[in-house]
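All remarks here apply to the structure that follows.
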Amino acid sequence: MTGLAGIIAGDTAISTVGKESAGLTYRGYNITYLVDHANFESVAYLLLYNKLPAPEELNLYQKKLMSLRRLPEKLLILLKAIPQTANPMDVLRTGVSMLGILEPETPESIDKLVAILPVILLTWYQGQEVTNAQITTADYFLYGLNELRVKPSDPLFSKALDASLILYAEHEFNASTFAARITASTLSDVYSCITTAIGTLRGPLHGGANEEAMKLIQQFDEPDQVEAGIKRMLSEKKLIMGFGHRVYINGDPRSPIVKDLARQLSEKVGKQKLFAIAEIIENTMWTEKKIYPNLDFYSALVYHCIGIPTSFFTPLFVVSRITGWLAHVIEQRSNNKLIRPLANYIGPEPRQI
Ligand code: CMC
């Protein structure tokens, strides 16, 4: 058995993945319902506090997150010193690590981490602390991204980014969440759990796939080049990024939602050709391999149409998934047992020099 495929590695009450009747649910709520009736902050509250907030609770929680968008002075200095050539995932990992030095864990750290990740990212990007009075994480991010370029944001951009943050928020024992739980199981601090998870998400087989998917879509100038190009890549045994999933066999339930947003956005910003290219990639993958797109594929197009730089795609995954990671750290701690499996030894028999 490789990669622990099919192994149930523990209990969770946070989400269901791949249960055909339930689809994907967060604490019992279907993701389609959440995208239609909630925003990212209410989903964060649901994951972390185990209930959807009433309107007044949401109001208070959003205000609390806004008040926590403050960087300690030394973290601000550090972020300004990190070169612009850095990988933004490394910036997030380092920013979280530094925050753990400056503000060791307290009960407040959970909400602080949810609030601070976009601030870390944008402050490094803009070279100055990004302060704006936007209520939601999606709007804070969109306004912060455009701060120096004075480009107005569009309501569809906010809606699409918010929906994407909901869809990325939680996904049971995926690699980064499981890594965070392993760190939590040693009774380590929350910052260590989150830096572990960020490092695990960074790879292209996991969160990094959304950036690779965008590069794939952009490889093609015209839709009529796509089918042959994908077939060639498959014949060369190349992975087509943004396709396939360890758990979902009949398709990723998040994909149709994000695909619809990608279609709307591509029409809005005049990038229909990119959408057409993406659809032909999807159709070719189905015809050739019977493999479906996962969340990362059309999310890439959503972010691109909004005007988000490709190197920010995986960091946005972090901005969202931090809520799931934290929920799992809390759950792991609530009934902890050190996660320490066995290895199947395949090395030499005992020997002497
Ligand atoms: N492109 C081409 N072939 C693929 C792909 C793909 N994207 N995904 C699976 N296959 C093939 C694979 O080559 C293998 O073929 P064969 O049996 O002939 O060797 C077969 O399908 C089974 O794949 P696997 O690699 O054994 O499946 P896995 O469960 O180990 O891998 C995966 C799951 C997600 C790592 C894999 O599908 C993949 O590498 N996809 C591309 C990267 C990607 O999109 N990652 C995002 C995952 S979902 C969201 C997230 O975590 O960010």
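FYI, it's all coordinate maths here, none of it is from the lab. This structure is a prediction, so every number in the text was calculated from the model and none was measured. Heads up, the Cβs are rebuilt from the backbone with ideal geometry, glycines too, and the neighbour counts pull from every protein chain shown.
The table for this structure:
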{"item": "Gain in span if fully extended, Gln272 to Leu205, counting 0.36 nm per residue against the direct Cα distance", "result": "21.4 nm"}
{"item": "Linear extension gain, Asp189 paired with Asn146, 0.36 nm per residue minus alpha-carbon span", "result": "12.0 nm"}
{"item": "Pairwise FRET efficiency - Lys64 versus Ile346, Cβ, R0 = 56 Å, nearest 0.05", "result": "0.65"}
{"item": "Burial order of peptide ranges 62-70, 335-343, 136-144 (average beta-carbon count within 10 Å, highest first)", "result": "136-144, 62-70, 335-343"}
{"item": "Cut-off under 5 Å, modelled amide H: who pairs with Tyr292 long-range", "result": "Gly244"}
{"item": "Protection proxy ranking, peptides 81-87, 203-209, 226-232, 298-304, average beta carbon neighbours within 10 Å, highest first", "result": "298-304, 203-209, 226-232, 81-87"}
{"item": "Net charge dipole size for the chain [Lys, Arg +1 and Asp, Glu -1 on Cβ; Debye, nearest 20]", "result": "500"}
{"item": "Burial ranking of peptide ranges 316-322, 32-38, 244-250 (average Cβ count within 10 Å, highest at the top)", "result": "316-322, 32-38, 244-250"}
{"item": "Cα-based equivalent ellipsoid of the range 83-159: semi-axis lengths in Å, sorted from largest, via gyration tensor", "result": "24, 16, 10"}
{"item": "Relative contact order, percent, the chain [alpha-carbon distance under 8 Å, six or more residues apart]", "result": "22"}
{"item": "Debye, to nearest 20: dipole size of the range 219-313, +1 on Lys, Arg Cβ, -1 on Asp, Glu Cβ", "result": "260"}
{"item": "Axial C-alpha extent at least 30 Å, average Kyte-Doolittle at least -0.5 - helices from the chain (DSSP)", "result": "313-334"}
{"item": "Rg and Dmax of the range 81-230, Cα atoms only, in Å", "result": "17.6, 56"}
{"item": "Mean projected area (nm²) of the alpha-carbon convex hull when the range 164-318 is viewed from all directions", "result": "9.3"}
{"item": "Options Ile339, Leu142, Val269, ranked by Cα towards positive dipole end of the chain, top entry (Cβ charges)", "result": "Ile339"}
{"item": "Sorted by Cβ density within 10 Å, fewest first, the residues Glu331, Glu105", "result": "Glu105, Glu331"}
{"item": "Residue-span extension gain [Glu108 to Thr310] - 0.36 nm each, minus C-alpha spacing", "result": "69.5 nm"}
{"item": "If the convex hull is drawn through the Cα atoms of the chain, its volume per residue in Å³", "result": "175"}
{"item": "Förster-model FRET efficiency, 41 Å R0, Gln128 and Ala54, C-beta, rounded to 0.05", "result": "0.65"}
{"item": "Part-to-part distance (alpha-carbon centres) for the range 1-73 and the range 281-345, which is given in Å", "result": "14"}
